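See below for the structure under consideration.
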Amino acid sequence: MRKTIIAGNWKMYKTIPEAIELANGLKRELFELDGQTIEIVLCPPFTALSEVSEVTQNSNINSGAQDVYWQEEGAFTGEVSCKMLKDAGAHFVIIGHSERRQFFGETNDSVNKKLKAVLKNGLIPIVCVGESLQERELGKTFDVLNNQVHNSLKDINKEEMVRTVIAYEPVWAIGTGKTATPKQAQEVQEYIRGLLVKMFDKETAVSVRIQYGGSVKPDNITELMNQPDIDGALVGGASLTVESFSEIVKRAQKVKK
Ligand code: 13P
């Protein structure tokens, strides 16, 4: 059984007071949900990570970062290490988000280095993969995913793979209001699981959680979660208010597989 995981990626939104307010609101709204059946993760900007971790401490909600650098410490201006994230109370780290790949030069190789550092430090990685609109229209979706999955997850062992969460986020569905249809998302996520079977083994592949991300809203979460290979969601815009994110979490928890 794979435990459902719903994560909110707040991107570059929320000041510290706003982040505290949102985290408190979600804690109040979601406290009754059983943490055994669903994992809830909030990924604020670095500046609010400590505060969000403090608010969510001893609750059914975890905090996570949106990026990390693989070195332990050193002269790397602007970067943040795994140890620093743990110090700020984070349990999860998003790696290789398409916005980082698109605007900040993230590559499969840097994603792989970050992944190894995160696993070594006992944090839980959420590794993002996904094709662009042009790649989809050219019929290259599976090739792109094959390349991203193989190279981002290179040289990790089965136990590490099981601890890793994958987020399939088609770039054309991010922040556009265009969700992949549940069928489109399922097709790709089934393909990704198939790759994991070949790279590791069946037992490992069926244990790995694969989230869908891209315009997830309260209105579409149930249908997405009903797909056999969709184990949760990575939510952007709709994670920024208590109403929409708590509704997504509650509806996701109701879907019994
Ligand atoms: P939206 O939910 O705003 O489309 O963003 C998805 C995303 O990029 C989450 O990481």
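The values are calculated or read from the model by the stated rules, or taken from the named source; none is laboratory data. Predicted model, so just to flag it, every value in this text is computed and none were measured. With ideal geometry, Cβ positions are generated from the backbone for all residues, glycine too; neighbour counts draw on all protein chains shown. For accessibility, only protein heavy atoms count, side chains too; no ligands or nucleic acids. Shrake-Rupley method; radii C 1.70, N 1.55, O 1.52, S 1.80 Å.
Within the set K14/K113; K154/K178; K198/K250; K86/K256; K86/K198; K14/K86, which residue pairs have Cα atoms separated by over 26 Å?
In this structure, K14/K113; K154/K178; K198/K250; K86/K256; K86/K198 lie more than 26 Å apart at Cα.
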Inset, instruction - Filter the chymotrypsin sites (Phe, Trp or Tyr not before Pro) in the range 76-179 down to the DSSP loop ones having no more than 12 other Cβ atoms within 10 Å, then list what survives. - result: F76, F104
Legend entry - Backbone HN-Hα couplings from phi across the range 196-201 [Karplus 6.51/-1.76/1.60, Hz, Gly and Pro as x]: 5, 4, 6, 6, 10, 7
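If you take every residue apart from V55 with its C-beta less than 15 Å away from the C-beta of V55, what net charge results, scoring Lys and Arg +1 and Asp and Glu -1?
On the way: positive: K14, K27, R28; negative: E18, E21, E29, E51, E54.
My count for the surroundings of V55 gives -2.
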Inset, instruction - Collect residues whose amide H, placed 1.01 Å from N in the peptide plane, falls under 5 Å from the amide H of T4; neighbours closer than 5 in sequence don't count. - result: E39
Legend entry - Translational D in µm²/s for the range 77-127 (Stokes-Einstein at 37 °C, 0.692 mPa s, Kirkwood Rh from C-alpha pairs): 291
Inset, instruction - Could you tell me what percent of the accessible area of the range 1-156 is made up of carbon and sulfur, with a 1.4 Å probe and every protein chain present? - result: 49
Legend entry - Per-residue HN-Hα couplings for the range 121-134 [Karplus 6.51, -1.76, 1.60; θ = phi - 60°; Hz; x = Gly/Pro]: 8, x, 8, 9, x, 10, 9, 8, 9, x, 9, 7, 4, 4
Legend entry - Rounded to the nearest 10 Å², the accessible area of D87 at probe 1.4 Å: 140
Legend entry - Å² of accessible area per residue within the chain, as computed with a 1.4 Å probe and no ligands counted: 47
Inset, instruction - Please turn the phi angles of the range 81-93 into ³J(HN,Hα) values with the Karplus equation 6.51 cos²θ - 1.76 cosθ + 1.60 (θ = phi - 60°), one per residue in order, whole Hz, x for glycine and proline. - result: 8, 4, 4, 5, 5, 5, 4, 7, x, 6, 10, 10, 9
Inset, instruction - Diagonalise the Cα gyration tensor of the chain and give the resulting equivalent ellipsoid semi-axes, square root of 5 times each eigenvalue, largest first, whole Å. - result: 25, 22, 18
Inset, instruction - Quote the accessible area belonging to R251 in square angstrom, nearest 10, computed with a 1.4 Å probe and with ligands, DNA and RNA left uncounted. - result: 80
Legend entry - 5 angstrom amide H check on G130, placed H, neighbours 5+ away: E169
Inset, instruction - Give the long-range amide H neighbours of V80: residues separated by 5 or more places, or on another chain, with amide H under 5 Å away, using H modelled in the peptide plane at 1.01 Å from N. - result: Y69
Inset, instruction - State whether the range 41-154 is rounded, prolate or oblate according to the following rule on the C-alpha gyration tensor (a ≥ b ≥ c being the square roots of its eigenvalues): a/c under 1.5 gives rounded; otherwise a/b larger than b/c gives prolate, and the remaining case gives oblate. - result: prolate
